[in-house]
Amino acid sequence: MSGMGTQHTAFAESAADAAQTEASSRTASRRLSLPHWSWLGIGALLLLACLAPFQLVPFRTFQLALAMIYAVALLGLNVLVGHTGQISLGHGAFFAVGAYTSAVLLDRWDIPYFATLPVAAAVAFALGFALGIPALRLRGLYLALVTLAIAIFLVPLLKRFESLTGGSMGLTLTKPAPPVWTGLAEDQWLYFLALLVTVVSFLLVAGLLRSRVGRALHAIRDNEIAAEVMGVRLAFYKTLAFACGAMLAGVAGCVYTWVIGFVSPDSFAVGLSITLLAGLVVGGLGGQWGPLLGGLFVMYVPSFAQDVNQAAPGVIFGLLIIAVMYLAPNGLAGLIGRTARWLERFVRKGKNNAH
């Protein structure tokens, strides 16, 4: 009888956890719904983004395009880490897979530029799905070590197949030329391609997270046992998260190839994966704006650190990460959110006092 009572108690606790997880998942989904004033802010941001390449010099336009590319890669990492709770230190490997898939198609088979994007996405998705299956039995630090091993293994593998990948010398490619009817310079055209891919990626992920899939991912992140009690198929959704995250990294890698016009194995060393994870944490895990802020961080902070101290840029970079995490434990997105809520309360209080 005591055993039966213990089982009933355990089931009741699991059911309570399931209800709590369902509530938190729905709350997270509601947070993805933006108020009307936020849409005005997004519209203003898009307008500024469209005007930027006409006001900036080509190099700054190039930097902004790279920041958006990194934001797309971080968007995929955010699906896996921020919304599913699965750690990954090998995201740079999927970025490299997308970049090399596009580069090889362009260099060896002269495939049209835009045709390489779905191929790179599909290859990265398939690889992410395949690697997600054995990762189902791992979690925490063990999963982090496995994904780190993938990032370490990829660079010598790319160097080995010299006839296909160009080996250590890499591949040099011709950048997409802007259509004559646009009247755009090359850097402006590449910028708008990166902007289009970024906007579409963010919209697709926002729709995914509002759906049943998003609620399932949030339930897994909050409590796997409770999610399983609720009927969430852990194996399917965990593997799907890996595949979707890898696909977005592959898309980012493909556009990276267009913008840079060159790929080499050393560009995708393990440091890239660590930098991407650091950028996401600094930007804000699980937030809507975290990947975008993280992309800006990944693009500009290492360059700033190099300018401050060319002898030890890594030291400056690490100190900046520590400073940001000390001032904003929830990331830059959390800091901006707290500031916005404080301003909203301040304005509301002022209006109440006026009345």
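The values are calculated or read from the model by the stated rules, or taken from the named source; none is laboratory data. Predicted model only: the values in this text are computed from it and were never measured. Neighbour counts run over all protein chains shown; Cβ positions are idealised from the backbone, glycine included. Accessible surface is based on the protein model in full, side chains and every heavy atom, while ligands, DNA and RNA are left aside. Shrake-Rupley method; radii C 1.70, N 1.55, O 1.52, S 1.80 Å.
Candidates Gly253, Gly245: the one that is touching a residue at least 24 places away in the same chain (Cβ under 8 Å), over 20 Å from Ala135 (Cβ atoms) and open to solvent by less than 40 Å² (accessible area, probe 1.4 Å) is Gly253. Is it the case that segment 214-226 has a residue that's out of contact with any strand residue (DSSP E or B) (no Cβ under 6 Å at 6 or more places or on another chain), at pLDDT below 90, among the small types (Gly, Ala, Ser) and open to solvent by 10 Å² or more (accessible area, probe 1.4 Å)? Looking for residues that are out of contact with any strand residue (DSSP E or B) (no Cβ under 6 Å at 6 or more places or on another chain), at pLDDT below 90, among the small types (Gly, Ala, Ser) and open to solvent by 10 Å² or more (accessible area, probe 1.4 Å), one finds none in segment 214-226, hence no. Residues in segment 76-105 that are open to solvent by 10 Å² or more (accessible area, probe 1.4 Å), assigned to a helix (DSSP H, G or I) and among the aliphatic types (A, V, I, L, M): Val81, Val97, Val104, Leu105.
Using the structure shown, decide if Thr198 is out of contact with any helix residue (DSSP H, G or I) (no Cβ under 7 Å at 6 or more places or on another chain) and in contact (Cβ under 8 Å) with a residue 24 or more places away in the chain. Taking the combined requirement at face value, the residue does not satisfy it. Looking across segment 148-204 at every residue that is assigned to a helix (DSSP H, G or I) and of a type in the set (Gly, Ala, Ser), the one that is farthest from Val255 (Cα to Cα) is identified as Ala149. Count of segment 139-155 residues, restricted to those that are farther than 13 Å from Val270 by Cα and open to solvent by 50 Å² or more (accessible area, probe 1.4 Å), is 3. Suppose we filter Leu171, Leu184 for residues that are among the aliphatic types (A, V, I, L, M) and over 26 Å from Ile42 (Cα atoms); which single one remains? That would be Leu171, the only listed residue that is among the aliphatic types (A, V, I, L, M) and over 26 Å from Ile42 (Cα atoms).
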